[in-house]
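Only one structure is covered here, and it is reproduced in the block below.
Throughout, read-outs are computed from the coordinates displayed, never taken from laboratory work. Computed from a predicted model, the values in this text were never measured in an experiment. Every residue, glycine as well, gets a Cβ built from its backbone with ideal geometry; the counts of neighbours run over all protein chains shown.
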Amino acid sequence: MRMELPDLTGKVAVITGASRGLGAGLAKDFLARGMKVALSARSPQPFEDGEHVLTRQFDVSDPKAMAEFSSAAVAQFGQIDLWINNAGIIHPVVKARDLDGPALYQSLDVNVLGVLYGSQNFVRHVESRSGEGVLLNISSGAAYSGMSGWAAYCMGKASVDRLTETFQLEEAEHGVRCYSVAPGIIDTDMQAQIRDCKEEVFPNVAQFHEYKAQDLYNTVRHVAKHLLQMAFAPSARPDTVSARIPAEKG
Ligand SMILES: NC(=O)c1ccc[n+]([C@@H]2O[C@H](COP(=O)([O-])OP(=O)(O)OC[C@H]3O[C@@H](n4cnc5c(N)ncnc54)[C@H](OP(=O)(O)O)[C@@H]3O)[C@@H](O)[C@H]2O)c1
């Protein structure tokens, strides 16, 4: 079904994890639609700061830096309409029995706590102003079922789904609509890291080489269109908080 997007000129979106991959692609797509974007990642983002763009470098697991970023976005743009917690990491890819130490904590810090901190700032912002705001937390198919070698990633993304459902229950009355969205597979650095995994720790690796060989990826354009429809096209609102973007090909 074709769902038209309203004119999005001037709408403001925050995107974390915008130095490359899906986040940078979404930012480019949104800017081309006349939107304004506040972007973050640890490394520089491929956009110049200006009237329509604010960039910041920080780790999403730093709650103080996240709060400063949110305040800077509101100071520059007046309000935030859409907040996308997109920053995420796949590693460590090891058996669950061997999960331990800094790599495990970093995975949960980024994939779970980073999403929590971003969501907290956004819902406080929406409550402080009039009108609706949309929170999109980028999840994964890994939230729906376990995958050998991906225990850290699976538990992080499953947590994102439950966390987002909880925000929806608590914040709907303040005008926030929340979705946790599995975007399908997109050919980013994360997919290259997955294909580099050894079969001993990630037995499904051949399947990911096959995705590459057959180019079964969702384009960023496809993902962007679906995310924007969820946020701004009333007829495209998912029935559930945890939602999946349909495969574009295959
Ligand atoms: N690609 C896929 O097929 C796929 C499938 C399902 C779900 N996803 C999800 O989609 C999202 C984007 O993934 P991607 O494929 O675009 O990955 P990517 O190419 O590896 O990009 C990840 C982004 O997250 C940022 N990031 C990582 N750790 C960070 C930290 N501690 N603090 C701040 N930013 C951090 C990275 O920037 P810096 O390194 O510069 O900080 C980068 O901009 C992730 O949540 C991922 O789990 C991807």
> Cβ under 15 Å from F69's Cβ, F69 left aside: what net charge do those residues give with Lys, Arg +1 and Asp, Glu -1?
Replying inline: +1
>> What does the net charge come to around V205 if you take all other residues with beta carbon closer than 13 Å to its beta carbon, with K and R at +1 and D and E at -1?
In response: -1
> Full extension from T219 to D100: what is 0.36 nm times the residue separation minus their Cα-Cα distance, to one decimal in nm?
Replying inline: 39.4 nm
> Are there trypsin sites (Lys or Arg not before Pro) in region 156-248 that DSSP marks as loop and that have at most 15 other Cβ atoms within 10 Å, and which are they?
Replying inline: K198
>> Run the reach check for K198 against lysines, Cα to Cα strictly under 16 Å, same-chain hits fewer than 8 apart removed. What comes back?
In response: K95
> Which residues make up the longest stretch of the chain that has no chymotrypsin sites (Phe, Trp or Tyr not before Pro) in a DSSP loop with at most 15 other Cβ atoms within 10 Å?
Replying inline: 145-250
> What percent antiparallel are the DSSP beta bridges of the chain, to the nearest 5?
Replying inline: 0 percent
> Taking +1 at the Cβ of each Lys and Arg and -1 at the Cβ of each Asp and Glu, which of A67, I80, L99 sits farthest along the dipole of region 42-99 towards its positive end, judged by Cα position relative to the Cα centre?
Replying inline: L99
> Whats the longest run of the chain with zero GluC sites (Glu not before Pro) that are DSSP loop and have at most 16 other Cβ atoms within 10 Å?
Replying inline: 52-131
